[in-house]
1. Those residues that are surrounded by 20 or more Cβ atoms within 10 Å (Cβ to Cβ), within 16 Å of ligand 2 (Cβ to nearest atom), of a type outside the set (Ser, Thr, Tyr) and part of a loop (DSSP other than H, G, I, E, B), I need them from the stretch 40-66; list them, please.
2. Quick check on the stretch 174-191: of everything there that is modelled with pLDDT under 90 and not in a strand (DSSP E or B), which residue is surrounded by the fewest Cβ atoms within 10 Å (Cβ to Cβ)?
3. With the requirement that a residue be in contact (Cβ under 8 Å) with a residue 24 or more places away in the chain, away from ligand 2 (no atom under 12 Å from the Cβ) and either in contact with a Cys (Cβ under 6 Å, 6 or more places away or on another chain) or not in a helix (DSSP H, G or I) (or both), what does the stretch 279-293 give you?
4. Anything in the stretch 257-299 that is among the hydroxyl-bearing types (Ser, Thr, Tyr), within 16 Å of ligand 1 (Cβ to nearest atom) and modelled with pLDDT of 95 or more? List them, or say none.
5. Look at the stretch 132-150 and say how many of its residues are in contact with a Lys or Arg (Cβ under 7 Å, 6 or more places away or on another chain), without any contact (Cβ under 8 Å) to a residue 60 or more places away in the chain and more than 12 Å from ligand 1 (Cβ to nearest atom).
6. Pick from Glu62, Glu68: which is farther than 20 Å from Ile107 by Cα, among the acidic types (Asp, Glu) and within 22 Å of the chain's Cα centre (by Cα)?
7. Within the stretch 67-92, can you find the residues that are part of a loop (DSSP other than H, G, I, E, B) and more than 17 Å from Tyr293 (Cβ to Cβ)?
8. From the list Val276, Val298, Val288, which residue is under 19 Å from Gly86 (Cβ atoms) and touching a Leu at 6+ places or on another chain (Cβ under 6 Å)?
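The values are calculated or read from the model by the stated rules, or taken from the named source; none is laboratory data. Note that the structure is a prediction, hence the values are computed from the model and not measured. Glycine also receives a Cβ, built like all others from the backbone with ideal geometry; neighbour counts cover every protein chain displayed.
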Amino acid sequence: MPAASTQTLKPPSKLRRRWKGATRKVRELTSIGWALASTGHPYMAQVVPMRRCNLACTYCNEYDDFSEAVPLDEMLRRIDHLGRLGTSVITISGGEPLLNPHLEEIIARIRKNGAIAGMITNGYLLMPDRIHRLNKAGLDHMQISIDNVMPDAVSKKSLKVLDKKLQMLAEHAEFHVNINSVVGGGIANPDDARVVSERALGLGFSSTIGIIHDGSGQLKPLAEAERKVWDKVRSMTRRSYSRFNHFQEAIANGKTNDWRCRAGGRYLYLCEDGLVHYCSQQRGFPGVPVAEYTTADVKREFLTEKGCAPSCTISCVHQVSYIDHWRAPQKDSITPGSSHGSGSQELVQIR
Ligand code: SF4
Ligand code: SF4
């Protein structure tokens, strides 16, 4: 179907946006309540419907430049199975999700399964008509990570390139938008993160800051200039979850954390081949097709201690796991290999 003309697209009213925001909040609170009541279902799954990306950030190994989208019927089967497992939040990542011709159908299916629908995008392909299609499909959350102000050899996810896209989102999006800025990982000017965050907040979005670690996969403290920007941005965007701040503070200082990772139980990473992994850094564990993943697997992994937890930098898994921090200790343990962690995109989101 041809895209609708930009001129004919009426931005949603303030009232409609407020209503959407309020109903989204109710669904989120309900999902947290359900997670507090029961440990037998995943809280969040990240799915990859296509590995291809239109960019090539030098710190990332979560993409290629040739793969086709997972066939729609297969993708819908995977979403339905995540729904049967009781997954509360399903986030689409990649590669670049906006390259996927079936993106809106996948989002609509996530919502049909009763889950909260999110996506992580580089934002390059956003246009008003696409934003309206995402509204219509029922997208709840979008995250765009902006790495610098001006494009350079490391990353083209730049404010200068994306600012028009952000303005389109501010005008047309009914869903929540978070802009993630970053320090570390070869980003030339740490102060860019402050500029990005200020712009995001000025447009009415939420903003987070992340650390990109280098390819060694090891925790390293932030350099002084990065630290200053980190503190500044956090003071602009800080929320009151002190336990989360403690976790992220330790990562910024290059120190380990003591926590229970519930990956494989509360959090699932579903790669483009449809296999369930603990997370993007620990592919192959457990590495089984999602169609064969059962509630018994979820319960087993919930209680399995992960040996990689102390030096883990995956903040979204930590945040999901925090729902159950007060529950009984884990009984079994596993130390997954880290061969896939080295060089991967290790992004720490600070909310
Ligand atoms: S970080 Fe995102 S935009 Fe950059 S190459 Fe990886 S998938 Fe593409
Ligand atoms: S790397 Fe982090 S999120 Fe992944 S399994 Fe290990 S502790 Fe869990």
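1. Scanning the stretch 40-66 gives Pro42, Val48.
2. That would be Ala188.
3. Tyr293
4. Let us first name the residues in the stretch 257-299 that are among the hydroxyl-bearing types (Ser, Thr, Tyr), namely 267, 269, 278, 280, 293-295.
Retained after the next criterion (residues that are within 16 Å of ligand 1 (Cβ to nearest atom)): 269, 280.
The one that is among the hydroxyl-bearing types (Ser, Thr, Tyr), within 16 Å of ligand 1 (Cβ to nearest atom) and modelled with pLDDT of 95 or more: Tyr269.
5. So in the stretch 132-150, the residues in contact with a Lys or Arg (Cβ under 7 Å, 6 or more places away or on another chain) come out as 138, 140, 145-147, 149-150.
Then drop every residue that is not without any contact (Cβ under 8 Å) to a residue 60 or more places away in the chain, which leaves 138, 146, 149-150.
Applying the additional criterion that residues be more than 12 Å from ligand 1 (Cβ to nearest atom) yields 138, 149-150.
Looking only at that region, the number is 3.
6. Step by step, each of Glu62, Glu68 is checked, and only Glu62 is farther than 20 Å from Ile107 by Cα, among the acidic types (Asp, Glu) and within 22 Å of the chain's Cα centre (by Cα).
7. Ser67, Glu68, Ala69, Pro71
8. After ruling out the rest, the residue left standing is Val276.
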